[in-house]
1. Using only Cα atoms, tell me the angle between helix 68-80 and the longest principal axis of the chain; keep it within 0 to 90° and round to the nearest 10.
2. Along the charge dipole of the chain, pointing to its positive end and built from +1/-1 on Cβ of Lys, Arg, Asp and Glu, which listed residue (169, 199, 10) has its Cα farthest out?
3. Highest mean first, what order results for 96-108, 124-136, 171-183 on Cβ atoms within 10 Å?
4. Work the Kirkwood hydrodynamic radius out for the stretch 1-86: mean of 1/r over every pair of different alpha-carbon atoms, inverted, in Å.
5. Quick check on my link table: of 33/165; 90/165; 20/90, which ones sit more than 31 Å apart, alpha carbon to alpha carbon?
6. Length gain on complete extension for the stretch residue 125 to residue 59, per 0.36 nm per residue less the alpha carbon to alpha carbon distance?
7. Residue-wise, which Karplus ³J(HN,Hα) couplings in Hz belong to the stretch 181-193, taking 6.51 cos²θ - 1.76 cosθ + 1.60, θ = phi - 60°, and x for glycine or proline?
8. Mind checking the full-extension length gain between residue 14 and residue 133? Use 0.36 nm per residue of separation minus the Cα-Cα distance, one decimal, nm.
Amino acid sequence: MYVILKRSLQFGPTLAAIRKANMSAETLLAAAKPTDADDWLSLIILLDQISRNCYRDDESALVFTYFDPLARDVSLSAMARGIPDRMRWKLACRPWFYMPLMHSEELADHEKATEEYERMQADVRLLIEGVCAESGPEAEAARMVRARAEEATRLVDNYVDFEQKHFDIVKRFSRYPHRNGPLGRASTEEENDYLENGGETFRR
């Protein structure tokens, strides 16, 4: 964990510069000029994942109020351009495009995330059971998935279940109660009861 945190902190100045410039997704994409799917994926991981290691505890408010919405907008821009489909058969990479939607407190984002993770789930089943291309990325993915079919199925099922867990919380509370402290939001009695009785915090 220490190594992961140390490496993440190397990106702190980049995140700080983005924040100082108060960049929108539009201005950030214009500056970063992502060309291929790897560029888009790297940018989304920087905003959505690495920010969580750089800004913790009380500082996590910056993640929730700035980097999460920014990551969401970049993610939606990527999807509008069909970028995740370029990684359709790269099952270790594709889920990260949808993670910013999972972190959102908007129901529409969770509906989209659920749709995308279920589509990925269906693709894995297709690779295991269906007729696939004889060559190329799809064929290579099929060979890998079929060699470890149980693990691959469990992986995508976990993504669907994890998104559903997030979705259920937002449907119930219209927000994530565990964020109330860092964001200075007053918790309702129901939210306090939820958190005090083992409610999810997702390690903030």
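Here, each number is a calculation from the coordinates, and none is a lab measurement. As the structure is a computational prediction, the values presented were derived from the model and not from experiment. Note: ideal-geometry Cβ built from the backbone for every residue, glycine included; neighbour counts use all protein chains shown.
1. Result, in degrees: 30.
2. Of 169, 199, 10, it is 10.
3. Those peptides, ordered most packed to least, come out 96-108, 171-183, 124-136.
4. Evaluated over the stretch 1-86, this radius sits at 13.2 Å.
5. As for pairs spanning more than 31 Å Cα to Cα, those are 33/165; 20/90.
6. Result for the pair: 19.7 nm of gain on full extension.
7. Calculated HN-Hα couplings, in order: x, x, 8, x, 8, 6, 7, 7, 4, 5, 5, 4, 4 Hz.
8. Result: 38.7 nm gained on full extension.
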